[in-house]
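The values are calculated or read from the model by the stated rules, or taken from the named source; none is laboratory data. Keep in mind that this is a model prediction, so the values were computed, not measured. Reconstructed Cβ throughout: ideal geometry from the backbone, glycine too, with neighbour counts over all protein chains shown. Heavy atoms of the whole protein, side chains included, go into the accessibility calculation; ligands, DNA and RNA do not. Shrake-Rupley method; radii C 1.70, N 1.55, O 1.52, S 1.80 Å.
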Amino acid sequence: MAARRSRAAIRLCATVVLLDVVFCKGFVEDLDESFKDNRKDDIWLVDFYAPWCGHCKKLEPIWNEVGLEMKSIGSPVKVGKMDATSYSSIASEFGVRGYPTIKLLKGDLAYNYRGPRTKDDIIEFAHRVSGALIRPLPSQQMFEHVQKRHRVFFVYIGGESPLKEKYIDAASELIVYTYFFSAPEEVVPEYVTLKEMPAVLVFKDETYFVYDEYEDGDLSSWINRERFQNYLTVDGFLLYELGDTGKLVAIAVIDEKNTSLEHTRLKSIIQEVARDYRDHFHRDFQFGHMDGNDYINTLLMDELAVPTVVVLNTSNQQYFLLDRQIKDTKDMVQFINNILDGTVEAQGGDSIFQRLKRIVFDAKSTIVSIFKSSPLMGCFLFGLPLGVISIMCYGIYTADTDGGYVEERYEISKSEDESQEQIEENKEQQEPSSGGSLVPTEQEPKDVLEKKKD
């Protein structure tokens with residue numbers, strides 16, 4: 001009886017899961033060639049995929065959840081997917097170069113999604129990009145609401161000006177990463193002090209920073225540098241994004257499961273430097289910590305001991321390792337200053353030697369990972385070609401040896417035949433024309449000489 005109930009429960013769960021999958025898929029439209037002409041009246045969030053792509057298959061259930069969520073909250077954004085291999089001309093027109101590619105299509109504009117492939121991050125991207133480019137903040141209550149909701153956002157304060165035009169241009173380029181607002185001066189919180197108007201501010205890390213054209217340079221570049229919080233939990237994807245800022249990234253490489261003093265101390269030191277020395281280093285440095293050293297080891301092509309601190313220059317693949325023991329914040333600040341003044345030697349880089357080293361390292365890592373994950377597959381992939389090459393080499397070698405033996409044997413037989421023919425010719429010359437005498441012909445002149453002598 002219990003077994004029957006268990007089987008019935010399993011069937012019920014399977015049915016619920018199947019219905020849930022089918023239900024979610026119902027909110028994601030399969031797009032075809034007609035999409036090109038029919039899309040411009042709506043806002044579309046589209047996944048361009050390939051049926052054989054492993055990452056695409058991994059994204060599929062998340063994408064179905066995105067479709068369900070967008071429908072349930074009444075979003076104007078429609079969610080769809082397109083097989084980019086079947087409709088390659090349309091995919092090429094939208095600039096699809098890899099799979100999966102997520103794009104939000106809004107009129108004649110196409111925005112690429114470059115964030116983590118999670119449901120919440122994708123939905124946040126869709127809300128940000130599908131709305132107004134510059135969102136107004138008409139009241140202090142609205143301003144406070146935005147502060148609670150967003151960790152980083154930018155605000156233009158003032159009326160029409162050349163600075164506002166630059167702000168709009170920067171927003172059209174960087175809306176895929178962060179939010180842009182505008183507000184009148186009376187809406188700004190009382191703790192904000194402005195030396196001049198108009199102004200552009202970034203609110204983050206429970207404070208604000210004002211754009212200074214003379215110190216910060218181009219507005220778009222400044223926004224791109226300041227769109228991150230000053231201290232971050234760093235992973236491989238975020239580290240790639242930080243490469244666009246042009247900043248050095250100081251990372252405490254730790255094991256978060258290890259609660260020993262050394263691990264927690266290095267993390268605390270980096271956090272203190274990021275907070276207390278923000279005005280000194282924010283134009284040149286980004287701070288954070290990373291759990292584990294696997295990604296860093298791959299990046300540096302080296303084995304780093306954990307815990308440690310490494311400073312990365314993601315723009316040219318250089319890095320700096322500790323040249324001292326970091327006991328407190330003062331030691332860390334001195335290490336950073338030494339990097340800035342050039343007294344700490346940079347390692348790595350993008351020279352020809354480093355590129356060749358990277359090729360060898362990546363090949364080695366790929367082979368090792370294949371054998372670790374699937375030894376039989378590794379033996380098949382690498383053993384079969386080596387076996388075929390070995391057989392071919394052996395065949396070529398043995399063919400040359402047999403050919404030489406045959407040729408040598410042919411030469412020997414040929415010389416034996418020539419010797420035999422020479423012997424037979426000599427015998428024929430020794431036989432007399434009468435055919436009866438066996439006396440050599442050379443003896444006849446000898447007898448004549450003897451008679452003359454007598």
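Annotations for the structure displayed:
- Note on Asp108: accessible area is roughly 130 Å² with a 1.4 Å probe, heavy atoms of protein only.
- In this Cβ point-charge picture (+1 for Lys and Arg, -1 for Asp and Glu), the range 265-320 has a dipole of about 200 debye about its Cα centre.
- Calculated P(r) of the range 317-360 - Cα pairs past 16 Å, %: 47 percent
- Ligands, DNA and RNA excluded, the heavy atoms of Val77 present near 10 Å² of accessible surface to a 1.4 Å solvent probe.
- Distance histogram for the range 135-227 (every C-alpha pair counted, 10 angstrom bins, percent rounded to whole numbers): 15, 56, 28, 1
- By accessible area with a 1.4 Å probe, ligands and nucleic acids excluded, highest first: order of Ile270, Ile73: Ile73, Ile270
- Normalised radius of gyration (Cα atoms, divided by 2.2 N^0.38 Å) for the range 96-183: 1.19.
- Distance between the range 302-370 and the range 280-300 - C-alpha centres, whole angstrom: 10 Å
- Over 32 Å between alpha carbons, listed pairs Lys164/Lys204; Lys195/Lys267; Lys58/Lys166: Lys195/Lys267; Lys58/Lys166
- Arg358 - accessible surface, heavy atoms, 1.4 Å probe, Å² rounded to 10: 50 Å²
- Here the range 50-201 was treated as a single set of alpha-carbon atoms; its pair distances binned every 5 Å from 0 give 1, 8, 16, 17, 17, 13, 9, 8, 5, 3, 1, 0 percent.
- Across the range 171-265, counting alpha-carbon atoms alone, Rg and Dmax equal 16.9, 50 Å.
- The Ile396 and Ala346 beta-carbon pair, evaluated with R₀ = 60 Å, returns a calculated FRET efficiency of approximately 0.75.
- Selection among Ser161, Tyr113, Leu194 by position relative to the dipole of the range 80-211 gives Tyr113 as farthest towards the positive end (Cβ unit charges, Cα centre).
- Mean-position separation - Cα centroids, the range 167-206 and the range 77-149, in angstrom: 22 Å
- Going by accessible surface with a 1.4 Å probe and the largest first, Asp47, Asp212 read Asp212, Asp47.
- Its Cα centre serving as origin, the range 29-113 has a Cβ charge dipole (Lys and Arg +1, Asp and Glu -1) of approximately 280 debye.
- Solvent-accessible area per residue, Å², over the range 231-350 with all protein chains present [probe radius 1.4 Å]: 49 Å²
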